[in-house]
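Some notes on the structure that comes next.
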Amino acid sequence: MTEGRPFRRVTLPLLLALLPASAQAGPGSGEVSLRSGSPTVLYVAPGHVTTLIFHTGRKLSAISLASPVVSYRYDKALNQLEITPSVRTPGFATNLNLRIGANEYVLDVRVVDDVRAQFAENVTLGDDPGGADEEDLSAAGPLRPERVDVVAAARMFERAETDPVFRSSQPGLRIEPIGRSYLWNDCLVTLDRLAQFTDSDMLVFRVKWLNGSGRALYLDATQYGLFVSGRRIPITARYKLGCGPVVYPGQFETVYLAVQGYRLSRHNDWQLGLPPDSGTVGRLLGL
């Protein structure tokens, strides 16, 4: 110890404060901002899973792990990455490289046994201009299905499309075209558009179809499904305009499907699920 200078105990908070900001992954905050070309330290703990929740419409296209210090599992539908230490003691480290779009992001993963390890981290991309408007999805929790007002949301959806003044007064509302059509019983059923309500973490999908066949068809709103990357996404509420369950030739139907509380991006590759048409059923039955 230098003469004339008192000994000062270096505590953990002081040590963290002395670290440069780029070397910390928001210790104790549960927030991580990644930037291409700038490694970010991520702290994990033995015996615990750390879940990285990506608040961006872009998906991870490749993951590279330097050594088996940790293992990982990526859920593409939810855009979440789970990282679990494979070792039982702290002090180990490795790097995990994530490819998102044209950019490479480097996680410096360190196994520790203290408060720096967070078991859920909200991740944003500092160089992703399209991800900022979905950052507040985690602020809204899941609601009971009976509390999801899909009728009011559908009306806001329709009004925002035709009333630019109303749309500009709704900062948490985003409308995204999809335009994906499916052939069902000689009719085109279209997953038309979706509206995202970021303040309530709700997506409302609009499905349109015209019965262009020569026969009455049965298609109830409960028979529609939604999928992302082959994974079925639970539908929270449904709202149907037009006819009853039987749709006669020439009749038009619109259905709204609401998904709430799953922190899902509107930029996902959304797919519509339909029941088997009569031709498929006939082939299965050998008719």
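The values are calculated or read from the model by the stated rules, or taken from the named source; none is laboratory data. Computed from a prediction, not measured in an experiment: that's the story for all the values here. Please note: Cβ atoms are built from the backbone with ideal geometry, for glycine as well, and neighbour counts cover all protein chains shown.
Any idea which of ALA66, ALA102 is farther than 20 Å from ALA45 by Cα and in the same structural domain as THR50 (by TED's automatic domain parsing)? Sole residue among the options that is farther than 20 Å from ALA45 by Cα and in the same structural domain as THR50 (by TED's automatic domain parsing): ALA102. Restricting GLY282, GLY250 to residues that are small (Gly, Ala, Ser) and either in a helix (DSSP H, G or I) or at pLDDT below 85 (or both) narrows the list to GLY282. Could you please find all residues in the range 76-116 being under 16 Å from VAL49 (Cβ atoms) and in contact with a Leu (Cβ under 6 Å, 6 or more places away or on another chain)? Correct list: LEU81, LEU96, LEU107, VAL109.
Of the listed requirements (1) in contact with a strand residue (DSSP E or B) (Cβ under 9 Å, 6 or more places away or on another chain); (2) at pLDDT below 75, PRO6 misses just one: (1).
Quick one: which residue in ALA195, ALA153, ALA160 is in contact with a helix residue (DSSP H, G or I) (Cβ under 9 Å, 6 or more places away or on another chain), touching a residue at least 60 places away in the same chain (Cβ under 8 Å), of a type in the set (A, V, I, L, M) and surrounded by 16 or more Cβ atoms within 10 Å (Cβ to Cβ)? Working first, answer last.
On the way: ALA195 fails: touching a residue at least 60 places away in the same chain (Cβ under 8 Å); ALA160 fails: touching a residue at least 60 places away in the same chain (Cβ under 8 Å).
ALA153 is the lone residue from the list that is in contact with a helix residue (DSSP H, G or I) (Cβ under 9 Å, 6 or more places away or on another chain), touching a residue at least 60 places away in the same chain (Cβ under 8 Å), of a type in the set (A, V, I, L, M) and surrounded by 16 or more Cβ atoms within 10 Å (Cβ to Cβ).
Residues satisfying the criterion are absent from the range 182-191 (criterion: over 20 Å from PRO276 (Cα atoms), assigned by TED's automatic domain parsing to the domain that holds VAL246 and under 25 Å from the mean Cα position of the chain (by Cα)). Within the range 151-176, if we keep just the residues that are more than 24 Å from the chain's Cα centre (by Cα) and not in a helix (DSSP H, G or I), the residue that is farthest from ARG193 (Cα to Cα) turns out to be SER169.
Could you look through the range 40-69, keep only residues that are farther than 17 Å from ARG116 by Cα and over 17 Å from the mean Cα position of the chain (by Cα), and pick out the one that is surrounded by the most Cβ atoms within 10 Å (Cβ to Cβ)? The extreme case among them is VAL69.
Each residue in the range 163-192 was checked for being in contact with a Leu (Cβ under 9 Å, 6 or more places away or on another chain), surrounded by 16 or more Cβ atoms within 10 Å (Cβ to Cβ) and within 16 Å of GLU253 (Cα to Cα), and 7 pass. If only residues of the range 210-232 that are among the aliphatic types (A, V, I, L, M), closer than 17 Å to VAL255 by Cβ and at pLDDT below 95 are counted, the one that is surrounded by the most Cβ atoms within 10 Å (Cβ to Cβ) is LEU219.
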